[in-house]
Structure formats: structure tokens, C-alpha cells
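K.L.:
This structure is in C-alpha cells; I'll ask about it shortly.
The values are calculated or read from the model by the stated rules, or taken from the named source; none is laboratory data. Keep in mind that what you see is a predicted model, and the values were worked out from it rather than measured. Here the Cβ positions follow ideal geometry from the backbone for every residue, glycine too, while neighbour counts run over all protein chains shown. For the accessible areas, the whole protein counts, side chains as well, though only heavy atoms, and no ligand, DNA or RNA atoms are used. Shrake-Rupley method; radii C 1.70, N 1.55, O 1.52, S 1.80 Å.
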Amino acid sequence: MVGTNAMVAQKGKEGKMALSFFTKLAYSVGHVQNDLCASMWFSYLLIFFNLVLGLESKYAGLLMTIGQVADAISTPFVGFCSDRGGVFCCSGYGRRKSWHLLGTICVVASFPFVFASCINCADSDMWAKLLYFSVFICVFQFGWASIQISNLSVVPELTPDEHERTALLAYRYTFTVISNMTVYVVIFLALRLGGVSETQVGPHQLHIFQYVTVIILVIGTFTSLLYHIGVKERIRDDAILQPGDTEFYQRTKFADLFKDWHLYKVAIVYMATRLFVNMSQVLIPLYLQYFLLLPSESIATVPFVVFTMSFLTSLIIKPLNQRFGRKLAYSLGVFIGVASSIIVYFGHGEVYNRLTVFAVAALFGCASSVMLVTSLGVTADHIGQDLDNGALIYGLMSFVDKISNGFAILVIQSMKKQRTHYRDCLSFVCGVSAIIGLIAIFTFSNTNRNDNRNSPEDNRGFEPEIQSSAGDINRTNSESSTIVVAVTHEGNSQ
């Protein structure tokens with residue numbers, strides 16, 4: 001029996017359901033395990049395989065691509081299964097939270113072996129090393145996908161209000177930034193305490209990466225526990241909700257999902273945004289080591305600046321979206337991102353290496369924050385109240401994201417290396433990705449696919465209203481209270 005959800009214990013001034021502070025906090029840290037590991041994965045995997053383990057660039061790129069493809073396959077699978085029920089052994093725990101729990105177990109069990117030398121196969125053939133690392137990478141990526149999809153897809157179920165969703169995503173991204181900053185601080189301290197911060201990255205720093213991996217897993221496990229304690233998922237029973245009952249769920253048939261062209265536009269925006277964010281995170285450390293030839297501590301200090309600015313920017317994203325709408329907010333992020341890419345291409349010299357590179361890092365952080373949170377908001381808007389397919393849609397978004405990232409990494413790592421290689425890739429890949437996202441978002445009409453729920457006076461679209469299965473609900477206090485009762489009844493019905 002599930003008690004009344006704390007999420008609906010409060011109501012805003014206009015009668016909307018308001019989430020409690022603890023629920024918001026618990027949701028916001030539910031992705032920290034992933035964020036910590038993703039920071040290590042994107043920022044340091046290629047550095048680790050190339051410079052610490054001594055693998056050729058093409059093999060390091062292949063391993064990272066294998067991980068991206070495994071994640072791409074896992075995300076729609078997890079999304080499809082999550083929409084239709086929880087993990088078989090604990091389905092009563094909640095269809096979202098049970099997948100989150102499984103993902104946490106997989107990540108903790110596999111990630112330590114990714115940032116370590118090949119056990120009992122250090123002198124084996126390359127194919128054996130590739131197979132060894134591929135197994136742990138695939139398990140890790142399945143777990144990562146399970147956490148990501150379950151955490152994202154629970155947002156539309158927590159609240160039907162667009163601005164509340166944007167706030168949740170902004171809080172979530174704030175902890176993403178804090179998680180990344182934590183990794184960079186731990187890396188910096190480990191390098192300093194190990195006395196190797198002034199040298200370039202090499203095999204003598206293997207133990208540094210192993211220590212950091214253990215630390216971030218301990219932190220991630222604690223935050224995952226807080227998520228499972230604080231987020232009370234509504235365990236739904238469709239048999240209780242008869243046709244005509246008041247609810248804010250809307251269902252879309254599986255086949256109809258792919259007939260909606262708006263889905264593909266949203267996917268392009270999400271893919272382009274993730275390319276910008278992830279490729280900048282992957283390429284900046286390589287750019288610092290191979291082109292600027294900076295000491296190893298730079299792989300911690302420069303990315304730290306990126307995510308410090310991301311954190312500061314995340315604090316204003318909600319009012320930015322509310323005042324100017326998705327399109328203009330995203331356009332601002334693209335403008336900053338393209339400007340930073342241009343500076344990277346032309347930047348050189350001692351002053352640039354010592355000072356300007358940090359300013360460029362700040363621009364990348366600002367652009368990443370605005371673009372990513374806005375693109376996630378656009379995805380949540382597209383889902384609307386179609387909760388039965390929410391995780392699948394997030395899975396599809398992540399599928400195109402991972403495939404495009406994996407392909408980009410494979411191409412970059414397979415190309416002939418010149419000293420300017422990583423500078424050129426950082427500049428062109430990020431700049432072009434941002435422009436593609438901008439073009440895609442301006443193809444959106446003024447209303448989304450749930451336009452029958454949009455208020456007619458809203459010229460920006462993206463304002464899904466609460467709706468009953470029989471028709472629109474007028475926003476009176478009595479009927480808003482009915483919605484709260486209906487949702488509370490659904491939580492208590494189990």
C-alpha cells in the first residue's frame with residue numbers, strides 16, 4: 001500500500017500541484033551517480049586509454065564508441081520496458097524507480113573495472129583487451145541508461161506544470177554541474193597530493209584514476225539512496241481509472257508516435273545539443289594536452305571553469321525560458337557556443353594559454369547549460385501528459401544522441417593526427433552542432449503536438465494544460481482540488 005504522495009501535498013497559488021522541497025532535492029540528486037561517472041567517461045576515458053594505458057587512438061575511440069552504441073541500444077529498450085512496468089523482481093516498487101535501482105547496481109559493479117588496467121591480460125593481444133574492457137563498458141552503459149531514462153521519464157509524472165518541470169530539470173542540471181565540479185576537484189587534489197600535477201598525463205598516474213573512481217562511486221551510491229527515499233513514485237493501476245474519470249494522463253498509441261514529425265524535430269535538437277555538450281567535454285582535455293601542451297592539472301582546472309559557469313547559468317535558466325520562451329533561450333545558448341568555437345580556432349600564444357583559455361571555458365559552460373536544459377524542456381513538452389510513452393521517447397532521444405556521439409568519436413580518433421587535430425575538431429564539431437540545433441528548433445510551430453491543451457493566448461506554445469479524458473478542465477479551485485484528489489486516490493489505491 002502506497003501512502004499519499006508527498007509530491008502532491010502542496011498546491012500553488014493557482015491551484016496547481018506543488019512539489020515539496022525534499023522531493024525536489026531527492027529528484028535532483030537522483031542522477032548524480034550517472035553525472036559523476038559520465039564526467040569521468042567523457043572527460044577522461046580517451047585520455048586514460050591513450051596516455052595512461054598506452055592504447056592506440058583508434059582502439060581507444062573504438063572502445064568509447066562501443067560504449068556509446070551499447071548505451072544507444074539500451075536506452076530505448078529500458079524506455080520501452082519502463083513504460084510498461086518495473087523490473088520483474090520488484091515491479092511493485094515502481095516502474096521508474098525499479099529500473100533506477102537496477103541501473104545503480106550495474107554501474108557500481110562495472111565502472112571500477114573501466115578505469116583500471118586489464119586484470120591478468122596486460123600482456124595479452126589487443127583483441128583480448130578490447131573484449132575485456134568491452135564487457136564492463138557494456139554493463140556500465142546498460143546501468144547508466146537505466147538510471148538516465150528512469151530519472152528523466154519520472155518528471156512528467158511528478159507534475160503536469162511546464163514551469164515546474166523546467167525547474168526540476170534546472171535543479172537536476174545544477175547537481176549535474178556540481179557533480180562534474182566534484183570530479184574535477186577530486187582529480188586536481190589527487191594530482192597535487194600525488195606530486196604529478198606539473199607533468200603531462202602518463203602511465204605513472206594509473207593509481208590516481210583508480211582512487212578517483214572509488215571516491216565518486218561512494219558519493220553516487222549515497223545520492224542514489226537519497227533519491228529512493230525521497231521520491232515517492234505513484235504506482236498506477238489503469239483498471240481504477242475508467243473512461244471519463246478525471247486524470248491528467250493522455251495516451252498515445254505506440255505506432256502513432258512515429259507518425260508525428262515533431263518527434264523527429266525534437267530528436268534533432270536533442271542530438272545536436274548533446275553533440276555540443278559531450279564533444280566539448282571529450283575534446284577539451286585532449287585539446288589541452290595535445291595542442292596547448294599544458295600540464296596535467298589543466299585537465300581538472302579548465303573543465304572546472306566550464307562547469308562552474310554552467311552552475312551559475314543554470315540558476316537563471318527557468319526565468320529565461322519563462323520570459324523569452326524556448327526558441328529565444330536556445331538561440332542565446334547557440335550564439336555563445338558558436339562564439340566560443342570561433343575563439344578556440346583562432347586562439348594561441350602564451351596569454352591565451354594562461355588566461356584566455358579559461359574565458360573560453362566559461363563560454364562553453366554557459367552555452368552548454370542553456371542549450372541542454374532548454375532541449376530537455378522541449379522534450380518534456382513534447383511528451384506532455386503521454387506518460388505511458390514518456391520513457392520510450394526519452395530513450396529514442398538518447399538513442400540518436402549516443403549513436404551520433406559514438407560516430408563522431410570514432411571518426412575523430414581514426415583520423416590522421418596533426419598537432420591542430422583536436423583544436424579543429426573542438427571548434428568545428430561544436431560550432432556546427434550548435435547551428436544544427438538552432439535550425440531545428442526554429443522549424444517548430446507555435447504549438448506542439450499537444451496543442452489542444454495549450455492556452456490560446458500563449459504565442460510561444462509549450463504550455464500543456466491539465467486535461468481530463470472527457471475534455472479540458474477549467475482551472476477553478478474546485479476542479480483543481482478534484483485533480484489532486486484523483487492523483488492522491490491513485491497513489492493510495494495500491
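K.L.:
Once the whole set of protein chains is in place, how much accessible area is left on His348, using a 1.4 Å probe, in Å² to the nearest 10?
P.N.:
Its accessible surface works out to 140 Å², give or take rounding.
K.L.:
Ignoring ligands, DNA and RNA, how do Trp99, Trp261, Trp127 rank by accessible area with a 1.4 Å probe, largest first? It would help to have the intermediate numbers written out before the result.
P.N.:
On the way: Trp99 20, Trp261 190, Trp127 165 Å².
Ranked list, largest accessible area first: Trp261, Trp127, Trp99.
K.L.:
Taking the simple approach of a point 7 Å from Cα along Cα-to-Cβ for both Phe428 and Ser414, what is their distance in nm?
P.N.:
Computed distance between label sites Phe428 and Ser414 equals 1.6 nm.
K.L.:
Further, regarding this structure: Kindly write out, for region 216-233 in residue order, the coupling ³J(HN,Hα) from the Karplus curve 6.51 cos²θ - 1.76 cosθ + 1.60 (θ = phi - 60°), rounded to whole Hz, with x marking Gly and Pro.
P.N.:
With the stated coefficients, region 216-233 comes to 5, 5, 5, 4, x, 5, 5, 5, 5, 4, 4, 4, 6, 7, x, 9, 9, 5 Hz.
K.L.:
So, taking all protein chains as they sit and a 1.4 Å probe, how much accessible area belongs to Lys58, in Å² rounded to tens?
P.N.:
Looks like 100 Å² after rounding.
K.L.:
Which pairs break 21 Å Cα to Cα here: Lys232/Lys265; Lys24/Lys97; Lys24/Lys402; Lys24/Lys318? Don't jump to the answer; show the numbers that get you there.
P.N.:
Details: Lys232/Lys265 33 Å; Lys24/Lys97 15 Å; Lys24/Lys402 28 Å; Lys24/Lys318 15 Å.
Those over the limit are Lys232/Lys265; Lys24/Lys402.
K.L.:
Now a separate question. With every protein chain in place, what's the accessible area of Phe428 (1.4 Å probe, Å², nearest 10)?
P.N.:
110 Å²
K.L.:
A follow-up question, please. Viscosity 0.890 mPa s, temperature 25 °C: what is the translational diffusion coefficient of region 285-349 from Stokes-Einstein with a Kirkwood Rh over Cα pairs, rounded to a whole number of µm²/s?
P.N.:
On the way: Rh = 13.8 Å.
Stokes-Einstein gives a translational diffusion coefficient of 177 µm²/s.
K.L.:
List, in order, the whole-Hz ³J(HN,Hα) value for each residue of region 417-425 obtained from phi through the Karplus relation with A = 6.51, B = -1.76, C = 1.60 and θ = phi - 60°; use x for Gly and Pro.
P.N.:
Each residue's phi maps through the Karplus curve to give 8, 10, 4, 8, 4, 6, 5, 4, 5 Hz.
K.L.:
Here's a follow-up. Considering only protein heavy atoms, what per residue accessible area in square angstrom results for region 314-378 with a 1.4 angstrom probe? Before the final figure, lay out each step's value.
P.N.:
Working: 2650 Å² over 65 residues.
The answer is 41 Å² per residue.
K.L.:
Still on this structure, I have one more. Take the solvent-accessible surface of the protein heavy atoms, probe 1.4 Å, and return the percent of it on region 31-182 that carbon and sulfur atoms account for.
P.N.:
On the way: 3120 of 4450 Å².
So the carbon and sulfur contribution to the accessible surface is 70 percent.
K.L.:
Still on this model: What's the ranking of 33-39, 65-71 by average number of surrounding C-beta atoms within 10 Å, highest first? Before the final figure, lay out the partial values.
P.N.:
Numbers: 33-39: 25.3, 65-71: 22.1.
Packing order, densest peptide first, comes out as 33-39, 65-71.
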